[in-house]
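Asker: My questions will all concern the structure given below.
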Amino acid sequence: MEQLNRYFDHSLLTPETNHAAIAALCREAMDHDFFGIAINPYWVPYAKKELTGSNVKIISVSGFPLSANTTDIKVAEAVKGVRDGADEIDMVANVGLLAEGEFAAVEDEICRIKRELPKEVILKVIIEAPKINPEAQIEAVRTIVNAGADFVKTATGFFGGATVEIVERLKEAANNEIKVKASGGIRTLADARAMISAGADRIGSSASVAIMKELKAAEIAANN
């Protein structure tokens with residue numbers, strides 16, 4: 001956990017986001033050397049310019065946050081995001097279908113998106129875990145593996161968030177075949193450490209800067 005900063009997808013996905021907020025997000029990500037920033041598709045071209053010369057990745061979203069867009073729209077949103085400069089896509093699987101157990105339909109949707117993306121683009125699949133039961137969470141992970149995506153992500157953060165129990169469950173189900181991104185409600189250093197200990201490979205948070213400040217303060221206190 002020495003490089004906590006490299007776990008973070010520094011997120012800004014609120015509707016009131018504007019140019020100044022995106023510029024600030026990019027500066028923060030560069031200052032702290034975060035892994036990436038997670039933003040809505042409209043802001044990808046602007047963020048690409050703001051991040052010129054940095055190694056900060058851009059994560060765009062598809063079907064976010066409600067999940068019930070048609071598959072054609074999700075595909076188009078993902079493809080356009082990459083064309084505009086995104087390095088990764090966080091798509092929201094159809095949560096209603098996951099809750100119903102319609103895993104074949106979800107797998108087909110993920111496959112269609114994955115097929116249209118360049119091979120080097122990371123595809124993460126959000127399952128809105130707090131809205132489906134544990135058995136469906138496990139089946140969702142297997143569905144994501146079968147579809148060829150790269151990560152399962154706990155939640156959008158709009159309807160509940162990550163818990164240690166959920167992350168541990170997803171990690172076990174993933175069986176090292178895909179990675180786990182914890183997102184939703186991760187606001188403190190203790191939260192971040194708990195998610196990493198539970199098995200998270202990446203963390204999505206809008207509180208990344210505050211968490212890094214908390215880490216610095218803790219390190220200073222430990223050295224005094």
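Asker: Rounded to the nearest 500, what is the 222 nm mean residue ellipticity of the chain from helices alone, with -39500 (n - 2.57) per DSSP H run of 4+ residues and division by all residues? Write out the running numbers ahead of the final one.
Answerer: Working: 9 runs with 106 residues, N = 224.
It comes out at -14500 deg cm²/dmol, rounded to the nearest 500.
Asker: Just to confirm the filter: which chymotrypsin sites (Phe, Trp or Tyr not before Pro) across the stretch 132-188 are DSSP coil and have at most 16 other Cβ within 10 angstrom of their Cβ?
Answerer: Working: sites: F151, F158, F159; in loops: F158, F159.
Counting only loop positions with at most 16 other Cβ atoms within 10 Å, the chymotrypsin sites (Phe, Trp or Tyr not before Pro) in the stretch 132-188 are F158, F159.
Asker: Order of D108, D84 from fewest to most other C-beta atoms within 10 Å? Mind dumping the intermediate values first?
Answerer: Working: D108 13, D84 17.
Least crowded to most crowded, the residues run D108, D84.
Asker: A follow-up question, please. Check which residues have an amide H placed less than 5 Å from I122's amide H, if you skip close sequence neighbours.
Answerer: I89
Asker: Considering amide H positions built from the backbone, and no H for Pro or chain starts, which residues 5 or more places from K179, or on another chain, come under 5 Å of its amide H?
Answerer: Those qualifying (amide H under 5 Å, at least 5 residues apart or on another chain) are F151, V152.
Asker: What percent antiparallel are the DSSP beta bridges of the stretch 110-224, to the nearest 5? Please report the intermediate quantities before stating the final value.
Answerer: Numbers: 0 of 9 bridges.
Taking every DSSP beta bridge with both residues in the stretch 110-224, the antiparallel ones total about 0 percent.
Asker: I need to check one value: relative contact order of the chain, counting alpha carbon pairs closer than 8 Å and at least 6 residues apart, in percent. Write down the numbers at each step before the final one.
Answerer: Working: 445 pairs, mean separation 37.2, N = 224.
That works out to 17 percent.
Asker: Pairs K119/K179; K49/K181; K74/K114; K80/K119: which are spaced more than 19 Å apart, C-alpha to C-alpha? Walk me through the intermediate numbers first.
Answerer: Numbers: K119/K179 17 Å; K49/K181 26 Å; K74/K114 11 Å; K80/K119 15 Å.
In this structure, K49/K181 lie more than 19 Å apart at Cα.
Asker: Starting from the Cα coordinates of the chain, work out the convex hull volume and express it per residue in Å³.
Answerer: Numbers: hull volume 25.1 nm³, N = 224.
That works out to 112 Å³ per residue.
Asker: In which sequence would R142, R83 go, from the one with the fewest C-beta neighbours within 10 Å to the one with the most?
Answerer: Numbers: R142 17, R83 11.
With the sparsest Cβ surroundings first, the list reads R83, R142.
Asker: I would also like to ask the following. Quick one: T143, T70, fewest Cβ neighbours within 10 Å first, how do they rank?
Answerer: Working: T143 27, T70 11.
Neighbour counts put them in this order, fewest first: T70, T143.
Asker: Also, I was wondering about something else. I need the shape label for the stretch 77-146. Rule: rounded when a/c is under 1.5, else prolate if a/b > b/c, else oblate, with a, b, c from the alpha carbon gyration tensor. Don't jump to the answer; show the numbers that get you there.
Answerer: Numbers: a/c = 2.43, a/b = 2.08, b/c = 1.17.
It is prolate, given that a/c is not under 1.5 and a/b is the larger ratio.
FYI, it's all coordinate maths here, none of it is from the lab. Bear in mind that the values here come from a model prediction, so they are computed numbers and not experimental data. Please note: Cβ atoms are built from the backbone with ideal geometry, for glycine as well, and neighbour counts cover all protein chains shown.
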